[in-house]
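Report on the following structure.
Quick note: the coordinates plus some simple rules give every number you see, no bench work behind them. These numbers come from a predicted model, not from an experiment. Cβ: placed from backbone, ideal geometry, glycine included. Neighbour counts: every protein chain shown.
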Amino acid sequence: DENYLSIYNSKANSNKEVHTNDKKANRPGIDNICHENETILSIVDQTNVLSVVASVLSLTLIAYDRFFGIVFALKAHMTDRRARTSLILIWLSSALIACPTLIYRQLKVRVWKDHTERWCDDDWPVSIGSDNNITTHSIPSRTAYYATVSVVLYFIPMII
């Protein structure tokens, strides 16, 4: 254990020497790994979205089942097969909703004189058009994605 701590501390100190003014780079662990590797960062973001969507949809399914269990107490409730099918559909739809974060999320880097700035940003395809000699930029796929996410994660659970 002592050897591990000394290696860990020396690694943390070596990060501090290389990035003296970069506070995010000074923290060893997942933050530093993610900021160095765009693939890992995309997978972490996609996993976060996947778990949030699956959680919201699972809680919506539970609320739906409890509502019908209380209101229609004498009627048939959710069977094991229907529950399994519902959970499979929840995870598949969660993966589908989280997929664009894996495709369009990118690591952006800006190097300043005394600081390296790193952040994640969506890089959606831009549609360029012109109307009466005015060039317009729009991102219809991003608009459709976030509208779908809003409906699935907010409005449908509110209705149910």
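How do 104-111, 49-56 rank on mean C-beta neighbours within 10 Å, highest first?
Details: 104-111: 13.0, 49-56: 16.8.
The packing order, highest mean first, is 49-56, 104-111.
Let me check I've understood the local charge: for M78, count other residues with C-beta under 12 angstrom from its C-beta, Lys and Arg +1, Asp and Glu -1. What total comes out?
On the way: positive: R66, K75, R81, R82, R84; negative: D65, D80.
Summing Lys and Arg as +1 and Asp and Glu as -1 gives +3.
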